[in-house]
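Following: one structure in structure tokens, then a few remarks.
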Amino acid sequence: MQALYLLALEPVAESTSDPNSYGFRINRSTADAMSQIFVAMSQKGSARWVLEADIKGCFDYISHDWLISHVLMDKEILRKWLKAGLIYKGQLQATEAGTPQGGIISPTLANVTLNGLERELIAQLVAKFGIAKAKKLKVNVVRYADDFVITGDSREVLEREVRPWVEAFLAVRGLRLSEEKTRIAHIDEGFDFLGWNFRKYSGKLLIKPSKKNAQAFYRKVSETISGNKTVRQEDLIQLLNPMLRGWAQYHSRVVAKQAYSRMESLVFRRLWWWSKRRHPNKGAGWVRKKYFHSDGDRAWIFAVPVVRDDGSKGLNELYQLRDTSIRRHRKIKGDFNPFDPEWEQYGEQLRQARMEGSMRHRKQWVSLYMSQGGLCAHCGGALTKETGWHNHHLEYRVHGGSDALFNRVLLHPDCHRQVHVGKIALTKPARS
């Protein structure tokens with residue numbers, strides 16, 4: 001039932017969301033939040049101070065009365081969800097505050113609760129200081145779920161104007177800041193947010209994987225290796241590769257090459273320990289030959305020799321962090337609303353731009369290109385590298401259209417604009 005109500009509540013929540021809120025929202029991610037901080041703090045004249053804020057137990061302490069009064073849905077249904085209680089160690093416990101534990105609608109309810117943190121704060125500063133002076137304060141809010149940072153031109157602005165207002169905003173909703181995790185920092189000192197460290201070095205803002213994030217990831221990898229001392233090498237590789245690939249991809253939008261190199265060195269040491277431990281009576285040369293291989297100029301590859309389906313020989317190897325390419329993230333526009341038809345074309349272009357580097361996207365593009373005979377589905381002209389192409393959904397995504405290939409066609413960029421502006425209905429070209 002929560003999923004059904006969420007279908008109706010989510011468009012409302014999107015329409016009232018702050019521009020720089022990025023958690024639990026369609027087509028938004030931590031990378032968008034990171035990119036917005038870069039926009040707000042990278043220039044010479046950008047804000048120099050930041051309030052790192054953490055809400056204490058956000059999902060556990062949101063006021064039920066506030067939710068029932070402000071969430072635009074059936075009040076009685078919402079009240080029953082909020083007051084349903086939870087079972088802990090076999091005992092039913094009453095819930096006097098907070099959102100439904102594990103409920104699919106809980107993240108959206110939290111977003112509704114915190115919506116206005118950015119818009120209302122800026123409006124308050126404008127009302128107090130005027131538009132021109134408020135702009136000079138360089139206050140920017142970037143939020144991901146219940147974690148957020150607020151920039152400012154001085155420590156005094158954040159201490160005297162911003163933090164008291166934020167505390168009052170949260171108090172009305174039954175929330176408060178965590179004293180232990182909330183602090184004000186200078187950009188030259190740096191701060192951590194969403195697993196990254198933001199810091200200026202000689203005036204240049206660099207974003208890197210944070211030490212805490214790297215340490216936590218290494219502990220996870222180390223525990224996986226230590227906990228699988230007797231498994232086959234190929235099984236250990238299968239366990240580690242998704243972890244390594246996921247961590248590398250998460251940080252592939254920031255300055256991460258040095259962190260990759262350091263992590264590979266640490267992982268190698270653990271794997272060498274794992275390999276030697278299995279054969280205490282064998283020498284280092286024998287262990288290396290058994291578990292580590294060479295491929296061209298690459299040596300010391302933790303891998304298992306395999307024979308492919310075509311009879312050729314290869315290696316089933318551990319994912320190499322250093323091979324992960326660093327690519328700048330294309331940030332979403334703050335006002336983007338995935339439920340507004342006016343944003344449909346932008347949403348299609350954004351998804352295409354973000355998918356261009358993936359193998360899955362290339363396979364889908366080839367399939368669409370071949371099915372259309374290499375021709376635009378609108379004008380029938382050839383699709384070439386020179387003309388370019390856009391991915392168009394026959395039934396708009398905002399109207400519930402699928403992202404599957406049967407609902408997509410390739411168009412020239414100009415044709416794509418004509419189709420949206422003229423509201424032209426297209427059909428899937430028949431295979432020739």
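Ranked by accessible surface with a 1.4 Å probe, highest first, in what order do M243, M34, M370 come?
These residues rank, largest area first, as M370, M243, M34.
Calculate the all-directions average of the projected area of the stretch 1-58's alpha-carbon convex hull, and give it in nm².
Working: hull surface 22.9 nm².
Its Cα hull, projected and averaged over all orientations, spans 5.7 nm².
Sorted by packing (mean other beta-carbon atoms within 10 Å per residue), highest first, where do 224-237, 334-347 land? Spell out each step's value before the answer.
On the way: 224-237: 13.7, 334-347: 16.1.
Put in order of decreasing packing, that is 334-347, 224-237.
In Å², and per residue, what accessible area does the stretch 1-148 have when probed at 1.4 Å with the other protein chains present?
48 Å²
For labels at D323 and R278 in the simple 7 Å Cα→Cβ model, what's the distance in nm?
Each label point is offset 7 Å from its Cα along the Cβ direction, giving 2.0 nm.
For R431, R262, give the ranking by accessible area with the largest first, probe 1.4 Å. Each step should come with its number before you reach the end.
On the way: R431 170, R262 130 Å².
Largest to smallest exposure gives the sequence R431, R262.
Under 19 Å Cα-Cα from K136, which aspartates and glutamates qualify once same-chain neighbours fewer than 8 residues away are excluded?
E118, E120, D153, E156, E159, E161
Filter the DSSP H helices in the chain by two things, a Kyte-Doolittle mean of at least -0.5 and an axial alpha-carbon span of 20 angstrom or more, and list the hits by number.
Numbers: long enough: 211-226 (22 Å, -0.95); 233-250 (26 Å, -0.35); 257-278 (32 Å, -1.15).
Taking the DSSP H segments of the chain (at least 20 Å long, mean hydropathy at least -0.5), we get 233-250.
How big is the antiparallel share of DSSP beta bridges in the chain, given as a percent to the nearest 5? Don't skip to the answer; put the middle values down first.
Working: 41 of 42 bridges.
Around 100 percent of the beta bridges assigned by DSSP in the chain are antiparallel ones.
For the chain, what does -39500 (n - 2.57) per DSSP helix run (n ≥ 4), summed and divided by total residues, give at 222 nm, in deg cm²/dmol to the nearest 500?
Numbers: 16 runs with 181 residues, N = 432.
The helix contribution divided over the chain gives -13000 deg cm²/dmol.
Where the only charges are on Cβ atoms (+1 Lys, Arg; -1 Asp, Glu), what is the dipole of the stretch 22-162 about its Cα centre, to the nearest 20 debye?
Values: 19 positive and 16 negative charges, 80 e Å.
Computed charge dipole of the stretch 22-162: roughly 380 debye.
Roll a 1.4 angstrom probe over the protein heavy atoms and tell me the percent of accessible area of the stretch 52-172 that is carbon or sulfur. Don't skip to the answer; put the middle values down first.
On the way: 3220 of 6060 Å².
Result for the stretch 52-172: 53 percent of the exposed heavy-atom area is carbon or sulfur.
Roughly how much of E223 is accessible, in Å² to the nearest 10, using a 1.4 Å probe?
Rounded to the nearest 10, the figure is 130 Å².
Roughly how many whole Å is it from the C-alpha centroid of the stretch 151-217 to that of the stretch 1-78?
About 17 Å separates the Cα centre of the stretch 151-217 from the one of the stretch 1-78.
Ignoring ligands and nucleic acids, what accessible area does Y88 show with a 1.4 Å probe (Å², nearest 10)?
Looks like 120 Å² after rounding.
Given +1 on the Cβ of Lys and Arg, -1 on the Cβ of Asp and Glu, and no further charges, what dipole in debye does the stretch 127-172 carry about its Cα centre, rounded to the nearest 20?
Details: 9 positive and 7 negative charges, 67 e Å.
That gives a dipole near 320 debye.
Just reorder H70, H390, H416 by solvent-accessible area, largest first, 1.4 Å probe, all chains present.
Numbers: H70 95, H390 30, H416 0 Å².
My answer, sorted largest first, is H70, H390, H416.
Grab the beta carbon distance between N228 and D310, set R0 = 25 Å, and tell me the FRET efficiency rounded to 0.05. Please report the intermediate quantities before stating the final value.
Working: r = 31 Å, r/R0 = 1.25.
Once rounded, the FRET efficiency stands at 0.20.
Which residue, chosen from A47, Q320, Q124, occupies the Cα position most advanced towards the positive end of the dipole of the chain, where the dipole is computed from +1 (Lys, Arg) and -1 (Asp, Glu) charges on Cβ about the Cα centre?
The listed residue farthest towards the positive side: Q320.
Suppose the chain between K80 and Q352 were pulled fully straight at 0.36 nm per residue; how much longer would it get relative to their current alpha carbon spacing? Provide the component values of the computation, followed by the final result.
Numbers: separation 272, 0.36 × 272 = 97.92 nm, distance 4.16 nm.
Full extension of this stretch gives 93.8 nm more.
What figure, in Å² to the nearest 10, do you get for the accessible area of W49 with a 1.4 Å probe and non-protein molecules left out?
In the full protein context, W49 sits at about 50 Å².
Please work out whether the stretch 150-190 counts as rounded, prolate or oblate from its C-alpha gyration tensor, where a ≥ b ≥ c are the square roots of the eigenvalues and a/c under 1.5 means rounded, while otherwise a/b larger than b/c means prolate and anything else oblate? Write out the running numbers ahead of the final one.
Numbers: a/c = 3.19, a/b = 1.68, b/c = 1.90.
In terms of gyration-tensor shape, oblate.
Straight-line reach from K80: which lysines fall under 24 Å, measuring Cα to Cα and dropping same-chain residues less than 8 apart?
K89
Please give the per residue accessible area of the stretch 311-354, computed with a probe of 1.4 Å over protein heavy atoms only, in Å².
Heavy-atom SASA per residue in the stretch 311-354 reads 53 Å².
Give the shape of the chain as rounded, prolate or oblate, defined through the alpha-carbon gyration tensor: a ≥ b ≥ c are the square roots of its eigenvalues, a/c under 1.5 means rounded, and otherwise the shape is prolate if a/b is larger than b/c and oblate if not. Please report the intermediate quantities before stating the final value.
On the way: a/c = 1.61, a/b = 1.19, b/c = 1.36.
The shape class here is oblate.
Label L426 and K133 with points 7 Å out from Cα along Cα→Cβ: what is the distance between them in nm?
The modelled label-to-label distance comes out at 5.4 nm.
So how far apart, in nm, are the two label points at A8 and Q249 if each is 7 Å from Cα heading toward Cβ?
Distance between label points: 3.6 nm.
FRET efficiency for I104 and K212, Cβ-Cβ distance as r, R0 = 22 Å, nearest 0.05? Working shown, then result.
Working: r = 30 Å, r/R0 = 1.34.
Efficiency, from the Cβ-Cβ distance: 0.15.
The values are calculated or read from the model by the stated rules, or taken from the named source; none is laboratory data. Bear in mind that the values here come from a model prediction, so they are computed numbers and not experimental data. When we count neighbours, we look across all protein chains shown, and the Cβ atoms used for this are built from the backbone with ideal geometry, even at glycine. Note: areas computed on protein heavy atoms with side chains; ligands, DNA, RNA excluded. Shrake-Rupley method; radii C 1.70, N 1.55, O 1.52, S 1.80 Å.
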